[in-house]
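Okay, structure first, notes after.
The values are calculated or read from the model by the stated rules, or taken from the named source; none is laboratory data. Fair warning: this is a prediction, and the values are worked out from it, not measured in the lab. Here Cβ is always computed from backbone atoms with ideal geometry, including for glycine, and neighbour counts include all displayed protein chains. To get the accessible areas, we keep the full protein, side chains included, count just its heavy atoms, and leave off ligands, DNA and RNA. Shrake-Rupley method; radii C 1.70, N 1.55, O 1.52, S 1.80 Å.
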Amino acid sequence: MNQQLQYQIEQYLYRKSALCDAQDWDAYLDLFDEQCEYHLPQWESEHEYTQDPKRGMSLIYYSNRSGLEDRVFRIRTGKAASTVPMPRTLHQISNVRIAEMADGQLEVKANWHTLYYRLGQSEQFFGHATYHLRPSGESWKITRKHMVLLNDTINSVLDFYHL
């Protein structure tokens, strides 16, 4: 993998994180392809998690971007009580690995750690993610985001902006 591509992908992931932290939802949603699958599986046992979102339980599953768009709509209109007030978040990305896929997309794996503060409480979530990215002009669109939440004790709220 060339260093320029590594740098570009890392900057792309950093930008995605910054947009989420800034709650710039329009720019954040624009990073996702309209047919993007978004999946956060549930753990079935201590070391096994749901592989197929259509056959097992998931903490979050959207078969396309409209699921994310619906969450953003609910946040903006105040129809999601769990987001009033919205938490302050800080997303950290590390250990970015890139592989080219046969269809011209990139498979990008990264570790993530999100710190957040809401209602006087500081909490954190962490795990790893696999992205499928397709070229789009000078950038990319996310066609799949699959996350594994390693600390799956959820003390309050878990939503897309934590991941």
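Here the relative contact order of the chain, from alpha carbon pairs under 8 Å that lie six or more residues apart, stands at 22 percent.
Assuming charge only on the beta carbon of Lys and Arg (+1) and of Asp and Glu (-1), the dipole of the range 64-163 about its Cα centre is about 280 debye to the nearest 20.
Taking the accessible area of the chain, probe 1.4 Å, and keeping the other protein chains in place, the carbon and sulfur fraction comes to 46%.
Peptide packing for 142-149, 63-70 was compared via the average number of neighbouring C-beta atoms within 10 Å per residue; ordered from the highest value, the list is 142-149, 63-70. Taking volume of the Cα convex hull per residue in Å³ as calculated from this structure, the corresponding entry among (i) 133; (ii) 107; (iii) 123 is (iii). Counting only alpha carbon atoms, the long axis of helix 66-77 and the longest principal axis of the chain meet at about 40°.
Could you tell me how many degrees, from 0 to 90 and to the nearest 10, lie between the Cα long axis of helix 3-21 and the main elongation axis, the longest principal axis, of the Cα atoms of the chain? Helix 3-21 sits at roughly 20 degrees to that axis. Computed from the C-beta positions of SER156 and ASN95, the FRET efficiency with R₀ = 25 Å rounds to 0.35. Counting only protein heavy atoms and a 1.4 Å probe, the range 4-163 has 53 square angstrom of accessible area per residue. In this structure, the amide hydrogen of LYS141, modeled 1.01 Å from its nitrogen in the peptide plane, lies closer than 5 angstrom to those of ARG134, SER136, counting only residues at least 5 positions away or on a different chain.
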